[in-house]
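Worksheet for the structure shown next.
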Amino acid sequence: MTRTSEEHFDLLSFVTILRRQYRLIVLLVFMVLVIAFLFIVRTTPLYTATALVKVDPQETNLLDPTAVSTISSTTESTRIETEVEVLKSARLALQTIVLEDLQQTDEFGPQLGLVDKFRAAMGLETATPPSQEVLTNRTLRKFTDSLSVRRKGLTYLVTVQFTSSDPQLSAEIANAHAGAYIQSQVADRMNSSLAARDVLQAQLDQARQRLAQSNGAAQNFVEENVKRIASETGSEALATLSTQLNSAALTLEDSEQLLTMSRLEIEKGGWASLADSVGDSALQSLNAQRQTLMERLGKANAGSVEAFDLQKGLAALDQEIKSRGEDALDRLQAEVSRSRDARGSILKAIQAEALQSNLSDSTLTEIYELQQEAQIAQRQYDTLIGRMRDLEAQAVLQVASSQIVSEAIVPSQPSFPNKRLVFLTALFGALGLGVGVAMLKEFFLGGITSASQLGNVVPVKVGAVVPKMNSQSATAKLADQVIKEPMAQFAEAFRKLHASIDHSTAGDSGKARVILVSSAIPAEGKSTTALSLARTYANAGKKTLLIDADLRNPSIHKFLNEKPEFGLMDYLLSETEQEESPDAESKGFDRALIEEFYVIDNLSPLGVILGNRRADVPTDAPLQSKAFHDLIDETRETFDVVVIDCAPLLPVVDPQYIAPYVDVALLCVRFGEASQMELRTAYAHLADGIKPGTPVIGVLNFSETRRQEYRYGSYYG
């Protein structure tokens, strides 16, 4: 039987293989389930707590709650994914680690490595302790491995999950991490507002300087050109205002000089000069009292009660004089401010009056430009200071755009290991492994245990499955069963083999059918098969000859209880020597010499050519000799069926020299004995030796399968 070039999946064959290998599959499933059970028992359970955070992609402004920004769905999704990455960031993880003091815990804190533990156990010096940075990174790595942050579908919800061997700790850290994220979000927004405020502060200072310069430029222009403007317009009001402006300027100048001098006198303690400058009679009186106390203190004895009282009174008087002087200084400061305001009012009046007068175009243009610059500077200053006040308010009123909508609760069931999932995974994995190993064993490893397996391993037609028989003696008794128990399964198997051979060579006619019987390795029942098959043909009325061509280890004579002194090996060697002798004449086939080791089976009309001893010389030359060739040709003419029992295919080369003479080749395989690789190699050797088109039939010997015996047992015995 040859295989077609295109293979098809055969469900029935697959199921048959599984049934045949079910013990192996069950064993593997049991072992894997035991391993899964030990894994569950030995593994430390881990608990996962989940906090739920809602992210609002819209920015919230408490200063303007009605302001709603419109953003696209893509922007919303990007914003939420950004917040997910922030939750995963190392900075936030370190905040949570510090907040929960995880570096001090056994689970996340620094631990000795295997090398350090070994060195400590051996009493060796431990390696240099890792740095704080290394320890922090280890804790951070453990933390991030236990943290899981994921967005729930396309919603605004983000799950913050934390896994730990302590269920209470897992819930605490999940909530702490979510809380740290909210606080960090508020702090980041506040810092952003304050940073923007600091940037605006510099711009505001520049705007203030520009405003002061603009206002000063307008006032300076009016002040410097008031006389020219008054003469240009001929306005008496402007002339009067100009006179008032000069008087106010002089008064302001005197007040500022007096203020400056008074400050200097206070700094150096010149109370008398200060009293004279400001003209304060009370201050002058206090200063006179101070001079009197100073004179009395100079006359008093040092360390006396009088001196002590005078010093105490002098200190009190100095404090009162200083306070009085500071009050006088405040009055001077107020007077300077009033003078400045008066001067400013006069300038504004002059500007208003000048604009109402008939000024020249050039003067009007200059005044207008100065006014416009002052107004622009004022608007810029107002805008910046308003924005700065908004940022300051926002820094105080910042709220997070995210919120915790569901805090993590302490889990009651471990998330790992999931017992059901582990067992289901182990079960299906074990089934897959079992089926895979079963297929591997069926097609690549192990021995042959069924006819279908034999047909799968090598492309042969399986002619018979010979059952294992309970026989107390050697294999000779098994071959006798064909004659002594013709209705037993053993005998029926060889009748099936007989029929299979006949069908495979139905087109042949004329000469005898030559059948080769071999095996991959020794002890696979090939001699028992050859003898049983030959007897089956003989009992069927066929003139049958069995040739024991296993020159390395002939055994048929032992099955028949014969002790020939001369055997096939002796015959071939003697004929070969005569052929090689220069004086020898070609005699051809010597029938008389053959009769010396030719016997008739005592249980059937079977003729047998026996061997008698192990060969002590190479046997390939005799099998290639003309004598052996003539022997096969003669038996073809004389008999109907010729069965040749030859040596195994793998140990020796003999079968490959016999194979070209045969019409059918039988490959005997013992149940569970030869490996599949050995069987494939043996088949390759046999296929190389036989003629093209010669059928090869497989025989499974000593099968231990009882299923068919139970089903069809009523037909036998």
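The values are calculated or read from the model by the stated rules, or taken from the named source; none is laboratory data. Bear in mind the structure is a predicted one, so any value in this text is a computation, not a measurement. Note: ideal-geometry Cβ built from the backbone for every residue, glycine included; neighbour counts use all protein chains shown.
Results for (1) more than 26 Å from the chain's Cα centre (by Cα); (2) in a strand (DSSP E or B); (3) of a type outside the set (A, V, I, L, M, F, W, C); (4) not assigned by TED's automatic domain parsing to the domain that holds LYS142, shown as yes or no for each residue.
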position: VAL160; (1), (2), (3), (4): no, yes, no, no
position: ALA171; (1), (2), (3), (4): no, no, no, no
position: ALA176; (1), (2), (3), (4): yes, no, no, no
position: MET190; (1), (2), (3), (4): yes, no, no, no
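Taking region 534-556 as the range and being in a helix (DSSP H, G or I), touching a strand residue (DSSP E or B) at 6+ places or on another chain (Cβ under 6 Å) and under 22 Å from PHE702 (Cα atoms) as the test, the residues that pass are ALA534, TYR537, ILE556.
The requirement of being farther than 30 Å from ALA51 by Cβ and either at pLDDT 75 or above or part of a helix (DSSP H, G or I) (or both) is not satisfied by GLN183.
Per-residue answers, yes or no, for (1) in contact with an Asp or Glu (Cβ under 7 Å, 6 or more places away or on another chain); (2) modelled with pLDDT under 75; (3) exposed (fewer than 13 other Cβ atoms within 10 Å of the Cβ):
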{"position": "SER304", "(1), (2), (3)": "no, no, yes"}
{"position": "LYS312", "(1), (2), (3)": "no, no, yes"}
{"position": "LYS322", "(1), (2), (3)": "no, no, no"}
{"position": "ASP330", "(1), (2), (3)": "no, no, yes"}
{"position": "SER339", "(1), (2), (3)": "no, no, no"}
{"position": "GLN394", "(1), (2), (3)": "no, yes, no"}
{"position": "ILE409", "(1), (2), (3)": "no, no, no"}
{"position": "SER412", "(1), (2), (3)": "no, no, yes"}
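Being touching a residue at least 40 places away in the same chain (Cβ under 8 Å) and acidic (Asp, Glu) is a property that ASP166 has. Report whether or not ARG513 is in contact (Cβ under 8 Å) with a residue 40 or more places away in the chain, crowded, with 19+ Cβ neighbours inside 10 Å and under 30 Å from ILE448 (Cα atoms). Yes: the conditions hold for ARG513.
Could you go through region 425-443 and let me know if any residue there is of a type in the set (S, T, N, Q), modelled with pLDDT of 90 or more and not assigned by TED's automatic domain parsing to the domain that holds LEU531.
Of all residues in region 425-443, those of a type in the set (S, T, N, Q) come to 425.
Then keep just the ones that are modelled with pLDDT of 90 or more; that gives 425.
Next cut, not assigned by TED's automatic domain parsing to the domain that holds LEU531 only: 425.
Within region 425-443, one or more residues are of a type in the set (S, T, N, Q), modelled with pLDDT of 90 or more and not assigned by TED's automatic domain parsing to the domain that holds LEU531.
Kindly establish whether LEU264 is of a type in the set (A, V, I, L, M, F, W, C), modelled with pLDDT of 75 or more, in a helix (DSSP H, G or I) and within 17 Å of ARG338 (Cβ to Cβ). Show your work before the answer.
On the way: of a type in the set (A, V, I, L, M, F, W, C): yes; modelled with pLDDT of 75 or more: yes; in a helix (DSSP H, G or I): yes; within 17 Å of ARG338 (Cβ to Cβ): no.
Considered against the rule, which asks whether it is of a type in the set (A, V, I, L, M, F, W, C), modelled with pLDDT of 75 or more, in a helix (DSSP H, G or I) and within 17 Å of ARG338 (Cβ to Cβ), LEU264 comes out as no.
Screening region 57-106 for residues that are more than 20 Å from ASP166 (Cα to Cα), of a type in the set (Asp, Glu) and at pLDDT below 90 and picking the one that is farthest from the chain's Cα centre (by Cα) gives ASP64. Among the residues in region 32-39, are any loosely packed, with under 13 Cβ neighbours inside 10 Å and either modelled with pLDDT under 90 or within 23 Å of LEU169 (Cβ to Cβ) (or both)? No; the residues of region 32-39 include none that is loosely packed, with under 13 Cβ neighbours inside 10 Å and either modelled with pLDDT under 90 or within 23 Å of LEU169 (Cβ to Cβ) (or both). Assessment of region 673-690 against the conditions (closer than 22 Å to VAL457 by Cα, of a type in the set (A, V, I, L, M) and in contact with a Gly (Cβ under 7 Å, 6 or more places away or on another chain)) yields at least one matching residue.
Checking region 490-502 against the condition returns no match, with no residue being touching a helix residue (DSSP H, G or I) at 6+ places or on another chain (Cβ under 6 Å) and outside any helix (DSSP H, G or I).
Checked against (1) out of contact with any helix residue (DSSP H, G or I) (no Cβ under 9 Å at 6 or more places or on another chain); (2) outside any helix (DSSP H, G or I), ALA316 passes all but condition (2).
Taking region 133-158 as the search range and keeping residues that are aliphatic (A, V, I, L, M) and surrounded by fewer than 20 Cβ atoms within 10 Å (Cβ to Cβ), which one is nearest to the chain's Cα centre (by Cα)? Even if it seems obvious, please write down each step before you answer.
Step one: filter region 133-158 for residues aliphatic (A, V, I, L, M), giving 134-135, 140, 147, 149, 154, 157-158.
Narrowing further to those that are surrounded by fewer than 20 Cβ atoms within 10 Å (Cβ to Cβ): 134-135, 140, 147, 154, 157.
Working: VAL134: 24, LEU135: 24, LEU140: 18, LEU147: 15, LEU154: 24, LEU157: 25 Å.
In this case the residue turns out to be LEU147.
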